[in-house]
Amino acid sequence: MSPSHRVLLEPSVVLHHRPYRDTSVILELFTRSHGRVGAIARGVRTEKSKWAGALQSFRPLLISWSGRGELVNVNAVEDDGAALFLSGVALTCGFYVNELLLRLLERNDSHSDLFQIYWNTVTRLGQGDEPDITLRIFERHLLQELGYGLQLDRCADRGVPIEPDVRYSYEIERGPVAYNENSYGVSVLGSTLLSLARNELKNETARRESKRLMRAVLGHYLGDKPLHSRELMQRSSALITKAS
């Protein structure tokens, strides 16, 4: 970032915030043109602050900032549309999407297409779309944006088209290869790979296998530190199962 960097009314969303000193907060923003940005919003934890209610997750904002280094200073905040009100499973899934961006995006690395994909994703979650399908589509787009796109339509070892009824072993950073008893990748049907490529996942097998595949691939890039939001989703799922 340049020594005298100033940005005016950049489309943004708050991914995370935490208290800073007595009256301020440190924000992790996802912005359309500047990617993930760390920022300090000073004085927002006071009764007189006009920004405190605005700096919430899943709310489209226009934010101005200035400064240098890892943390810039917020100068202005405006609404850029209606806030999304997520609850229950949708809210937990929204936190999961935010945490993936926090963990996988580098600071100040623009991903304008992903910014729109993000809003499409959380909007679908808020509208009650099937979370399993919505999250898998987002994960696939996220990996593509990061340069880790999945090969879903051709066999990596032979270069031939994927066949729906054939089982493959998906090797991370290589792709699907013919399955055998010595395979070490993720076991997955060709129909699941093709369904994921088409953003469909209409049957239970495709959903189950694509979830296992995505968890393995993302885990490779996330490392050993667990996702807090994933643990929350697992607890919520257990409670729903127990109550049903």
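No value in this document is a laboratory result; all are computed from the given coordinates. Quantities reported herein were computed from a predicted structural model and do not represent experimental measurements. Methodologically, a virtual Cβ is constructed for each residue, glycine included, from the backbone with ideal geometry; neighbour enumeration extends over all protein chains shown.
Worth a mention:
- Loop-located chymotrypsin sites (Phe, Trp or Tyr not before Pro) in the stretch 59-135, at most 11 other Cβ atoms within 10 Å (DSSP): PHE85
- Between the stretch 69-109 and the stretch 7-40, the Cα center-to-center distance that results, in Å: 8 Å
- Between 0 and 90°, nearest 10: helix 204-222 axis offset from the chain longest Cα axis: 60 degrees
- Gyration tensor over alpha-carbon atoms, the stretch 116-194, equivalent ellipsoid semi-axes in Å: 28, 14, 10
- Compactness index (Cα Rg / 2.2 N^0.38 Å), the chain: 1.14
- Counting only residues at least eight positions apart within a chain, or on another chain, the aspartates and glutamates with an alpha carbon under 20 Å from that of LYS50 are GLU10, ASP22, GLU28, GLU78, ASP79, ASP80.
- As computed over the stretch 5-79, the Cα convex hull volume per residue (Å³): 77 Å³
- Cleavage-rule hits, trypsin sites (Lys or Arg not before Pro), the stretch 79-152, DSSP coil, Cβ neighbours within 10 Å at most 12: none
- Between the helical axis of 88-104 and the longest alpha-carbon principal axis of the chain there is an angle of about 90 degrees.
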